[in-house]
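Chemist: Structure below; questions to follow.
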Amino acid sequence: MRRVLALLSLLGTGWVACGGGGGREDGAAPLILGYTADLQTLNPLVSTDQNANDLIYHLLYTPLVTYDSTYRVRPWLAESWEFEGKSVVFTLRDDVRWHDGEPVTAHDVKFTVDLLNHPEVLYPANGIESVEVLDDTTFIMTYKPGSAWHAYWYPGYWERFYPKHLLEHLDPAEFYTWDFWTDPVGNGPFRYVRRTPGIMVEFEANPDFYLGKPKIDRVVIKFGPESITELVAGNIDALNVENRTSVLGIEDDP
């Protein structure tokens with residue numbers, strides 16, 4: 001629970017959490033997060049709520065690198081990396097799998113970057129100019145000169161990559177309406193279960209995650225009006241708060 005809430009604090013401001021949790025025991029019930037905006041789609045390039053996207057995609061997908069509790073960059077999907085001018089040579093872990101059991105490879109990275117840079121998609125892949133695959137676990141990622149991602153020293157943190165074996169035969173011209181976005185397959189610590197538009201989206205722990213199955217069995221993100229009352233009552237465990245006054249009203253509540 002502490003690790004998930006720490007993740008939430010990194011993904012966006014305005015989260016408050018309830019320590020009581022309605023008497024729930026670790027792993028015995030879902031971690032329920034209240035969110036004031038509804039995601040109309042799980043396609044991150046269509047949704048207008050970036051904070052919600054970041055939350056969901058860190059559950060579903062494994063970026064190349066991550067941060068530890070002291071904000072130092074640490075390996076995640078990438079086992080190591082080496083800078084060469086405006087390029088970075090990444091070596092991926094060889095024990096990460098997509099939720100359908102297929103291995104995650106450098107070919108998935110190249111496929112995703114090429115897809116996002118495709119003229120039918122028209123979504124530049126975070127300033128990435130190209131990806132050259134050296135083998136299944138090694139690739140060279142070259143950034144466009146002057147791009148924001150080239151300037152930062154932690155390339156790869158926000159990139160999510162998609163499974164080539166499931167998507168390579170689909171038409172990029174229909175990218176924004178692919179059925180994949182209604183039942184996404186990721187490679188992260190949680191797997192997509194279901195979504196009720198306007199109500200909720202649910203995820204379950206991935207038993208094959210390379211770091212081991214998460215101790216939280218399920219995560220449910222509930223959409224709806226901001227409800228401090230539900231938080232204090234223990235019906236939800238954390239709430240994305242947009243009204244600062246609401247937070248001040250419970251700051252003395254143990």
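The values are calculated or read from the model by the stated rules, or taken from the named source; none is laboratory data. Small disclaimer: the values here were computed from a predicted structure and weren't measured. As a convention, Cβ positions derive from the backbone with ideal geometry for all residues, glycine included, and neighbour counts pool all protein chains shown. Ligands, DNA and RNA are excluded from the accessible area calculation, which covers all protein heavy atoms including side chains. Shrake-Rupley method; radii C 1.70, N 1.55, O 1.52, S 1.80 Å.
Chemist: Restricting attention to the range 232-253, which residues are of a type in the set (Asp, Glu) and more than 16 Å from residue 30 (Cα to Cα)?
Modeler: The answer is 242, 251, 252, 253.
Chemist: Moving to a separate point now. Tell me, which strands (runs of 3 or more DSSP E) lie completely within the range 1-114 with 1 or more residues that are at pLDDT 80 or above?
Modeler: Per the criteria, 31-35, 65-67, 73-75, 78-84, 87-92.
Chemist: List the strands (runs of 3 or more DSSP E) that sit entirely inside the range 160-234 and contain at least 3 residues that are under 30 Å from residue 252 (Cα atoms).
Modeler: By residue number, 218-223.
Chemist: Name the one entry in 189, 163, 124, 155 that is surrounded by 18 or more Cβ atoms within 10 Å (Cβ to Cβ), under 23 Å from residue 111 (Cβ atoms) and at pLDDT below 95.
Modeler: The conditions single out 155.
Chemist: Of all residues in the range 192-239, how many are open to solvent by 70 Å² or more (accessible area, probe 1.4 Å) and hydroxyl-bearing (Ser, Thr, Tyr)?
Modeler: Of the residues in that region, 1 qualify.
Here is a yes/no grid of residues against (1) within 16 Å of residue 164 (Cα to Cα); (2) without any contact (Cβ under 8 Å) to a residue 60 or more places away in the chain; (3) of a type in the set (Val, Ile, Thr):
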{"site": "80", "(1), (2), (3)": "no, yes, no"}
{"site": "101", "(1), (2), (3)": "yes, no, no"}
{"site": "106", "(1), (2), (3)": "yes, yes, no"}
{"site": "133", "(1), (2), (3)": "yes, yes, yes"}
{"site": "145", "(1), (2), (3)": "no, yes, no"}
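Chemist: Condition check: at pLDDT 90 or above, among the aliphatic types (A, V, I, L, M) and open to solvent by less than 70 Å² (accessible area, probe 1.4 Å). Does residue 140 satisfy that?
Modeler: yes
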